[in-house]
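The values are calculated or read from the model by the stated rules, or taken from the named source; none is laboratory data. Treat the numbers as computed from the prediction; the structure is a model and nothing was measured. Here the Cβ positions follow ideal geometry from the backbone for every residue, glycine too, while neighbour counts run over all protein chains shown. For accessibility, only protein heavy atoms count, side chains too; no ligands or nucleic acids. Shrake-Rupley method; radii C 1.70, N 1.55, O 1.52, S 1.80 Å.
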Amino acid sequence: QVQVVESGGGSVQAGDSLRLSCVASGQIRSRYTMGWFRQTPGKEREFVSSIDRTDNTYYADHVKGRFTISRDGAKNTVYLQMNSLKPEDTANYYCAVAYYGTGTTTNGVDDWGKGTLVTVSS
């Protein structure tokens, strides 16, 4: 069984920065993709960013240039540095683990965290 735990959410002002962290533990394979999705009430969960087993990175268009994903493989940890936050970035952010592929779709995710809330006020 795999445990995925996010941290780092909070309430900030527009233009501020936050860094989310996610740790995967348990019976996890040696190489895998990790990433982030987000969701607001009444909307589908949407892709934000991912980093695959060879450290290629992927970003949704609406966060390119503002968000940066990175990982510490030794610690099974992925980070999402979010800069220049906007009110529309307000959402629950979910960490995702995918054993195959780029982890850019919800169907490709094998394990989910429970989410961390990010609130950006104007």
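Could you look at the chain and say what percent of its accessible area is carbon and sulfur, using a 1.4 Å probe and all protein chains?
Details: 2830 of 6350 Å².
The value for the chain is 45 percent carbon and sulfur by accessible area.
Sticking with the crude label model, points 7 Å out along Cα→Cβ, report the distance from Q13 to Y99 in nm, one decimal please.
For Q13 paired with Y99, the spin-label model returns 4.7 nm.
Apply the Karplus parameterisation 6.51 cos²θ - 1.76 cosθ + 1.60, with θ equal to phi minus 60°, to every residue of the stretch 46-60 and state each ³J(HN,Hα) to the nearest whole Hz, in sequence, with x for glycine and proline.
Calculated HN-Hα couplings, in order: 10, 5, 10, 6, 8, 9, 8, 5, 9, 6, 6, 10, 9, 9, 6 Hz.
How many Å² of accessible area per residue for the stretch 1-66, probe 1.4 Å?
With all protein chains present, the stretch 1-66 gives 56 Å² per residue.
When only DSSP loop residues count, what trypsin sites (Lys or Arg not before Pro) in the stretch 1-98 have their Cβ near at most 15 other Cβ atoms within 10 Å?
Here the sparse-neighbourhood loop sites are R29, R31, K43, K64, R66.
Gaussian network model of the chain, Cα springs within a sub-10 Å range: biggest mean-square fluctuation belongs to which of A91, A74, A14?
Highest fluctuation among the options: A74.
Given +1 on the Cβ of Lys and Arg, -1 on the Cβ of Asp and Glu, and no further charges, what dipole in debye does the chain carry about its Cα centre, rounded to the nearest 20? If you can, show how the numbers build up before the last one.
Details: 13 positive and 12 negative charges, 33 e Å.
Its charge dipole is roughly 160 debye.
Can you tell me how much longer the chain between E46 and N83 gets when fully stretched, taken as 0.36 nm per residue apart minus their C-alpha distance, in nm with one decimal?
Result for the pair: 11.5 nm of gain on full extension.
Looking only at Q81, Q39, Q27, which one moves most when the chain is put into a Gaussian network model with springs between Cα atoms under 10 Å?
With Cα springs under 10 Å in the chain, the top fluctuation among Q81, Q39, Q27 is at Q27.
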